[in-house]
Amino acid sequence: MRFAVVRSNASGCEPTCPEWISAEGAIVAATPAQFNKLLKTLGGRRLPVIVSSPGGDVDAALALGRTIRKNRLDVAVGLTRFEGCEPAAKDCKLNDGKGAPYVGGAFASGAYCASACPLMLAGGIRRVVGQWAYLGVHQITTTFYRTKVLYRTKYKVVKGKKKIIEKKVVSRKNAGSYKTYEMNKALEKRLAAYFKEMGVGPNLLVTIKNTPASTLRQIVAYNMLQMNLITSLDGAELLTSADVCKTVPAAANCRVVTVSDLEG
């Protein structure tokens with residue numbers, strides 16, 4: 001998953017504009033560490049997370065959700081359209097003088113949160129999925145990997161019995177893998193506890209269990225609201241619109257650009 005802090009390019013919002021964390025791509029084992037690294041650069045600022053992801057590693061998604069909840073962040077399913085520099089570009093100077101390395105706008109159309117992604121979404125304080133965004137779930141797929149390990153053992157004979165004095169790994173080889181498409185009791189218990197911790201109703205887990213791993217079941221907005229997977233029938237604009245900076249006090253993700261920011 002790729003993370004980037006983005007400042008709104010909405011017309012007329014300067015010098016105080018909303019900012020957010022754009023999170024797009026698959027969730028892998030290293031994703032929680034990358035997210036924590038980014039949070040440390042924010043100095044305690046609480047920016048909403050705008051996410052679009054096909055899912056991925058379940059343990060990593062659970063860790064992301066807990067980090068989001070611990071830091072009291074909001075989450076919306078959405079995409080970010082960048083203006084000027086994009087996160088993949090190197091040594092980009094197009095946004096120099098704008099007070100932020102990345103600027104753009106957030107929108108729901110074409111965004112999706114599938115498979116393990118709803119686990120991450122569940123961690124948000126406010127959780128929103130716009131009507132043009134897609135959220136889908138299915139049965140958890142678990143892959144088990146076999147490894148063949150060869151040891152070299154040294155021993156000595158003491159009173160007629162072998163006593164191991166050293167055991168060293170000589171080689172490790174991949175011995176294949178296999179997948180299971182049904183949730184085991186241990187994982188079901190973990191997910192049930194997680195959803196309860198996050199305040200999400202048990203019907204979400206029932207839907208996950210009852211949907212074959214080979215398919216995706218879309219959960220419509222009303223049902224998400226009934227499950228308490230989302231907290232309101234809104235979209236990403238609830239968290240990223242320029243209007244959030246016009247309230248008193250302004251939203252936590254609003255930042256005033258100063259002269260030093262423009263010169264930096």
Exercise. Identify all residues within the range 233-262 that are modelled with pLDDT of 95 or more, hydrophobic (A, V, I, L, M, F, W, C) and assigned to a helix (DSSP H, G or I); write none if there are none.
Key: Leu238, Leu239, Ala242, Val244, Cys245
Quiz prompt | Failed item, numbered, when Ile21 is tested on (1) touching a Pro at 6+ places or on another chain (Cβ under 8 Å); (2) within 30 Å of Ser214 (Cα to Cα) | solution = (2)
Exercise. Please find, among Cys92, Cys85, the residue that is without any contact (Cβ under 8 Å) to a residue 24 or more places away in the chain and crowded, with 20+ Cβ neighbours inside 10 Å.
Key: Cys85
Quiz prompt | Every residue from the range 109-152 that is within 14 Å of Leu191 (Cβ to Cβ) and loosely packed, with under 14 Cβ neighbours inside 10 Å | solution = none
Quiz prompt | Filtered residue count, the range 211-232, keeping only those that are of a type in the set (A, V, I, L, M, F, W, C) and either exposed (fewer than 14 other Cβ atoms within 10 Å of the Cβ) or in a loop (DSSP other than H, G, I, E, B) (or both) | solution = 6
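Any residue at all in the range 26-46 that's of a type outside the set (A, V, I, L, M, F, W, C) and closer than 18 Å to Ser109 by Cα? Explain how you work it out, then say what you get.
The initial filter retains those residues of the range 26-46 that are of a type outside the set (A, V, I, L, M, F, W, C), namely 31-32, 34, 36-37, 40-41, 43-46.
Still in the running and closer than 18 Å to Ser109 by Cα: none.
Taking every residue of the range 26-46 in turn, none turns out to be of a type outside the set (A, V, I, L, M, F, W, C) and closer than 18 Å to Ser109 by Cα.
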Quiz prompt | Residues of the range 198-209 satisfying the condition of being assigned to a loop (DSSP other than H, G, I, E, B) and either in contact (Cβ under 8 Å) with a residue 12 or more places away in the chain or basic (Lys, Arg) (or both) | solution = Gly199, Val200, Gly201
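If the requirement is being more than 18 Å from Val5 (Cβ to Cβ), of a type in the set (Asp, Glu) and assigned by TED's automatic domain parsing to the domain that holds Glu197, which of these qualifies: Asp74, Asp59? Show your work before the answer.
Details: Asp74 fails: more than 18 Å from Val5 (Cβ to Cβ).
That would be Asp59, the only listed residue that is more than 18 Å from Val5 (Cβ to Cβ), of a type in the set (Asp, Glu) and assigned by TED's automatic domain parsing to the domain that holds Glu197.
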Practice problem: Only residues that are among the hydroxyl-bearing types (Ser, Thr, Tyr) and either within 16 Å of Val75 (Cα to Cα) or outside the structural domain of Ala116 (by TED's automatic domain parsing) (or both): list them for the range 1-30, please. | Solution: Ser22
Quiz item: Do we have any residue at all in the range 124-137 that's in contact with a Pro (Cβ under 7 Å, 6 or more places away or on another chain) and under 15 Å from Ile219 (Cβ atoms)?
Solution: yes
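The values are calculated or read from the model by the stated rules, or taken from the named source; none is laboratory data. Because the structure is a prediction, the values reported are computed rather than measured. Every residue, glycine as well, gets a Cβ built from its backbone with ideal geometry; the counts of neighbours run over all protein chains shown.
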